[in-house]
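Trainee: Provided herewith is a single structure, encoded as structure tokens, for subsequent inquiry.
Taken together, the values in this text are just the output of simple stated rules run on the coordinates, not laboratory data. Worth saying up front: this structure is predicted, and the values here are computed from it rather than measured.
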Amino acid sequence: MVGEIHLANIYFTNATSAKIRPVLLLKNNSFNDAVYLPLTSNNLVKGVIIDNSHLQEGFLPKTSVVVYEKPGVIATNLLIKKIGELHTNTYLQIMKELVDFLQKK
């Protein structure tokens, strides 16, 4: 599951509604949840740009940005379908960006 991109039913920050969105799975926990980073096709958002060349499997319909400044947790039963899996080096680059972001004051 780690490094996979799934479609998921994601609630907006204000929790008033949800939308099916792509997410990058980072880690499973013991509560049957997954830590994720959202993807967007809005290239004005800060993050790591990925396209199909960054996938070892699957297909992205658009070049996307992995938004490392907005991690979330989702119940795995809200994951709808796997659409891809990142190459290890791309996954490690994204993890580095996330750790750098979390360490900044």
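Trainee: Per DSSP H run of n ≥ 4, the term is -39500 (n - 2.57); total these for the chain, divide by its residue number, and report the mean residue ellipticity at 222 nm rounded to 500 deg cm²/dmol.
Mentor: -5000 deg cm²/dmol
Trainee: Next question. Over 10 Å intervals from 0, what percent of Cα-Cα pairs in the chain sits in each interval?
Mentor: 15, 50, 31, 3
Trainee: Please state, rounded to one decimal and in Å, the Kirkwood hydrodynamic radius that the stretch 55-105 gives when every pair of distinct Cα atoms enters the mean of 1/r.
Mentor: Working: mean 1/r = 0.0778 Å⁻¹.
Its Kirkwood hydrodynamic radius stands at 12.9 Å.
Trainee: Under a 5 Å amide H to amide H cut-off, with H placed in plane at 1.01 Å, what residues pair with Leu60 once short-range neighbours are removed?
Mentor: Here Asn52 satisfy the definition.
Trainee: Using modelled backbone amide H atoms (1.01 Å from N, in-plane), which distant-in-sequence or interchain residues come within less than 5 Å of Lys70's amide H?
Mentor: It is none; the list stays empty.
Trainee: Across the stretch 83-96, in residue order, what do the Karplus-derived ³J(HN,Hα) couplings come to in whole Hz, using 6.51 cos²θ - 1.76 cosθ + 1.60 with θ = phi - 60° and x for Gly and Pro?
Mentor: 10, x, 8, 6, 5, 4, 5, 5, 4, 5, 4, 5, 4, 4
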